[in-house]
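Enquirer: Sharing a structure below in structure tokens format, with a few things to ask.
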Amino acid sequence: MRFEIVIGLETHAQLSTSSKIFSSASTAFGAPPNTQASAVDIALPGVLPVLNRGAVERAIRFGLAVGGTINRRSVFARKNYFYPDLPKGYQISQYETPVVSGGSVTIVTDTGEKSVRLVRAHLEEDAGKSVHEGLPPELGDVSGIDLNRAGMPLLEIVTEPDMRSAAEAIAYAKTLHALVTWIGICDGDMQEGNFRCDANVSVRRPGEPLGTRCEIKNLNSFRFLAQAIEYEARRQIELIEDGGRVEQETRLYDPDRDETRSMRSKEDAQDYRYFPDPDLPTLVIDDAWIARVRDAMPELPDALRARLVQAYGLTPYDAEQLTLSRALVDYYEAVTQALEARDAAAYKLAANWVLGEFSAARNRADVAIEHAKVSPRALAGLLRRIADHTISGKIAKDVFDTMWSGEGSGDDAADAIIERRGLRQISDTSAIEALVNDVLAKNAAMVEEYRAGKDKAVNALVGQVMKASKGKANPTQVNEILRRVLASGK
């Protein structure tokens with residue numbers, strides 16, 4: 001490659017507290033504009049911020065999860081800049097001494113594992129929101145200000161420039177998203193803006209120093225993140241090759257045009273005139289507090305993936321896919337606990353179905369896992385009938401769809417549907433031989449193809465037998481009996 005892409009990400013994770021970071025105002029989403037903005041949030045004279053203890057605990061939890069350093073003393077600072085949706089004229093953030101320093105996140109891509117180093121994770125408040133569309137037409141061509149979001153608790157997570165492709169950036173963003181939702185510090189709802197990324201993108205020829213970076217703001221979908229990075233990298237490369245120079249600036253991504261556009265020149269730290277906020281004392285975190293948070297931590301994804309591989313014999317890929325969501329792996333383990341067979345084959349079958357048919361049905365219905373229409377015990381009941389050859393895999397999919405649609409209830413729903421619809425698999429040897437002989441008699445041309453050396457013809461004959469049995473014949477037996485009869489020359 002003539003150029004190398006260099007990417008660092010800054011991610012804003014909105015913390016899952018019920019009140020804002022420096023006030024008691026609600027963080028609930030969807031309230032009418034400016035109904036959840038307290039006197040502190042709109043900066044009325046004489047009000048003072050009070051730090052939300054729950055926000056600090058969530059930051060500690062994140063630091064522990066990524067192996068970072070929890071700074072025993074950290075400082076809140078005023079970051080000065082003017083926006084119409086920032087009433088104070090400054091944002092309360094952390095600068096020189098954040099609550100978390102260092103740490104790393106391990107990502108998995110097609111090229112293998114990679115560790116992305118973290119610079120810091122610091123607490124700060126969100127600004128309000130400028131609304132330029134969707135306002136009543138009688139107001140004319142105006143913009144509105146909604147301060148409900150002002151003061152929302154954020155954890156800003158900053159990486160080193162360790163990523164070298166859009167694919168690596170997406171892998172990191174997805175892994176981080178899974179982690180913050182896993183440990184319960186953020187609900188991860190990207191449509192509500194609760195997890196959004198800023199991408200710092202630069203290009204250089206391999207071996208050269210880092211190039212001038214541009215920051216692409218507020219990317220709230222993984223697809224847009226990838227598209228923005230790829231466009232911006234192309235733009236910078238073309239600019240350099242044409243003899244131009246990349247200017248440090250902040251840009252916005254327009255998904256309709258698939259392009260980034262200049263927003264403003266990129267500020268440096270000195271432009272914000274950081275200084276310690278005189279209204280907030282130094283945040284002191286002692287060992288006892290950290291120990292309490294550590295004791296309440298769930299099993300982390302890396303450890304759980306290793307356990308799934310060790311205890312269930314799953315592949316690393318299956319383990320990775322299951323641990324993208326805490327709810328999904330909990331569902332999987334509930335299925336395995338309900339299975340009669342406790343062996344690697346049964347665990348693999350369960351993984352295939354949870355990641356396959358179950359996840360596909362849930363995504364189509366757009367329902368949360370806890371509201372899925374097939375319970376873990378009901379799915380385990382269906383898997384038992386596949387394992388004991390009561391039904392074939394193809395019929396099992398039909399039974400599952402029937403269960404999902406609401407027919408049958410309880411843990412034995414699969415058994416009830418199988419009996420009511422007469423779906424039991426045909427495993428009687430003589431019955432299958434009769435079907436095979438009938439199919440061979442009706443498909444002489446396929447038989448001749450097979451005997452002429454075209455082994456693939458047997459697959460077509462198997463399909464004809466399965467069709468004749470309406471999918472009920474045991475496919476393994478069909479294959480065995482069909483090959484035996486063909487080999488006999490009868």
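Enquirer: Just to check your reading of the model, which residue among Asp455, Asp438 is farther than 30 Å from His371 by Cβ and either under 43 Å from the mean Cα position of the chain (by Cα) or part of a helix (DSSP H, G or I) (or both)?
Expert: Criteria check complete, one pass: Asp438.
Enquirer: When segment 267-291 is examined, which residues are found to be out of contact with any helix residue (DSSP H, G or I) (no Cβ under 9 Å at 6 or more places or on another chain) and not in a loop (DSSP other than H, G, I, E, B)?
Expert: Ala269, Gln270, Asp271, Tyr272, Phe275, Pro276, Val284, Asp287, Ala288, Ala291
Enquirer: Within segment 355-368, can you find the residues that are more than 26 Å from Met466 (Cα to Cα) and surrounded by 17 or more Cβ atoms within 10 Å (Cβ to Cβ)?
Expert: Once the filter is applied, which keeps residues that are more than 26 Å from Met466 (Cα to Cα) and surrounded by 17 or more Cβ atoms within 10 Å (Cβ to Cβ), segment 355-368 yields Leu355, Ser359, Arg362.
Enquirer: Look through Arg264, Arg294, Arg307 and report the one residue that is of a type outside the set (S, T, N, Q) and either touching a strand residue (DSSP E or B) at 6+ places or on another chain (Cβ under 6 Å) or part of a strand (DSSP E or B) (or both).
Expert: Arg264
Enquirer: Next question. Mind counting the residues in segment 400-423 that are closer than 17 Å to Lys373 by Cα, touching a residue at least 40 places away in the same chain (Cβ under 8 Å) and not acidic (Asp, Glu)?
Expert: Here the count works out to 2.
Enquirer: In segment 228-279, what residues are touching a Lys or Arg at 6+ places or on another chain (Cβ under 6 Å), among the hydroxyl-bearing types (Ser, Thr, Tyr) and modelled with pLDDT under 90?
Expert: The answer is Tyr272, and nothing else.
Enquirer: So which pairs qualify, if the first residue must be in segment 20-46 and of a type in the set (S, T, N, Q), the second must be outside any loop (DSSP other than H, G, I, E, B), the Cβ gap must be under 7 Å, and the two must be at least 6 apart or on different chains?
Expert: From segment 20-46, the pairs are Ser26/Ser19; Thr27/Ser19; Asn34/Asp146; Gln36/Ser26.
Enquirer: Report, by residue number, each residue of segment 369-411 that is part of a loop (DSSP other than H, G, I, E, B) and either surrounded by 14 or more Cβ atoms within 10 Å (Cβ to Cβ) or modelled with pLDDT of 90 or more (or both).
Expert: Ala372, Lys373, Val374, Ser375, His389, Thr390, Ile391, Ser392, Ser405, Glu407, Gly408, Asp411
Enquirer: Separate question: Just wondering, is there one or more residues in segment 414-424 that are of a type in the set (Gly, Ala, Ser), exposed (fewer than 15 other Cβ atoms within 10 Å of the Cβ) and under 30 Å from Ser488 (Cα atoms)?
Expert: Looking for residues that are of a type in the set (Gly, Ala, Ser), exposed (fewer than 15 other Cβ atoms within 10 Å of the Cβ) and under 30 Å from Ser488 (Cα atoms), one finds none in segment 414-424, hence no.
Enquirer: Ok, one more. Taking the condition of being among the small types (Gly, Ala, Ser) and either assigned to a strand (DSSP E or B) or closer than 23 Å to Phe82 by Cα (or both), how many residues in segment 26-57 meet it?
Expert: The number of residues fulfilling the criteria is 6.
Enquirer: Does segment 181-202 contain any residue that is within 22 Å of Thr250 (Cβ to Cβ) and in a helix (DSSP H, G or I)?
Expert: no
Enquirer: Separate question: If we keep just the residues of segment 254-270 that are surrounded by 12 or more Cβ atoms within 10 Å (Cβ to Cβ) and of a type in the set (Asp, Glu), which is farthest from Glu230 (Cα to Cα)?
Expert: Restricting to residues being surrounded by 12 or more Cβ atoms within 10 Å (Cβ to Cβ) and of a type in the set (Asp, Glu), the top hit is Glu267.
A quick yes/no check of all residues on (1) among the aliphatic types (A, V, I, L, M); (2) surrounded by 19 or more Cβ atoms within 10 Å (Cβ to Cβ); (3) in a helix (DSSP H, G or I); (4) in contact with a strand residue (DSSP E or B) (Cβ under 8 Å, 6 or more places away or on another chain):
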site	(1), (2), (3), (4)
Ala311	yes, no, yes, no
Tyr317	no, no, yes, no
Asp330	no, no, yes, no
Thr336	no, yes, yes, no
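Enquirer: State the number of residues belonging to segment 1-25 that are surrounded by fewer than 23 Cβ atoms within 10 Å (Cβ to Cβ), touching a Lys or Arg at 6+ places or on another chain (Cβ under 7 Å) and within 20 Å of Leu86 (Cβ to Cβ).
Expert: 1
Enquirer: Here is a list: Glu333, Glu340, Glu267, Glu259. Which entry is among the acidic types (Asp, Glu) and without any contact (Cβ under 8 Å) to a residue 24 or more places away in the chain?
Expert: Exactly one of Glu333, Glu340, Glu267, Glu259 is among the acidic types (Asp, Glu) and without any contact (Cβ under 8 Å) to a residue 24 or more places away in the chain, namely Glu333.
The values are calculated or read from the model by the stated rules, or taken from the named source; none is laboratory data. Note that the structure is predicted; figures quoted are calculated from it, not measured. Note: ideal-geometry Cβ built from the backbone for every residue, glycine included; neighbour counts use all protein chains shown.
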